[in-house]
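In what follows, a structure is listed as structure tokens, so that the remarks can point back to it.
The values are calculated or read from the model by the stated rules, or taken from the named source; none is laboratory data. A quick note: this is a predicted structure, and the numbers were derived from the prediction, not measured. Methodologically, a virtual Cβ is constructed for each residue, glycine included, from the backbone with ideal geometry; neighbour enumeration extends over all protein chains shown. The area values use the complete protein model at the heavy-atom level, side chains included, leaving out ligands, DNA and RNA. Shrake-Rupley method; radii C 1.70, N 1.55, O 1.52, S 1.80 Å.
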Amino acid sequence: MTTHTDSITLKIWDKSAIDHTIDAAVQSLSHRAAAENCGIAVTLSGPKTFTVSLTR
């Protein structure tokens, strides 16, 4: 996992953990940025790699 001020990049190998892991990342980023979940985007940025970022 790579963390920046306005994004988190995750490499998720276990398919059964994708939903839970992304939900946790969205909650973490929204809490740190004091943003609502609707201001967060999740993109597939590579093989098994997801980026959770602010959409300000």
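Scanning the stretch 35-52 for residues that are open to solvent by 50 Å² or more (accessible area, probe 1.4 Å), within 14 Å of residue 8 (Cβ to Cβ) and not hydrophobic (A, V, I, L, M, F, W, C) yields 37, 43, 45.
Looking only at residues that are surrounded by 16 or more Cβ atoms within 10 Å (Cβ to Cβ) and over 10 Å from the mean Cα position of the chain (by Cα) in the stretch 10-34, which one is modelled with the highest pLDDT? Result: 12.
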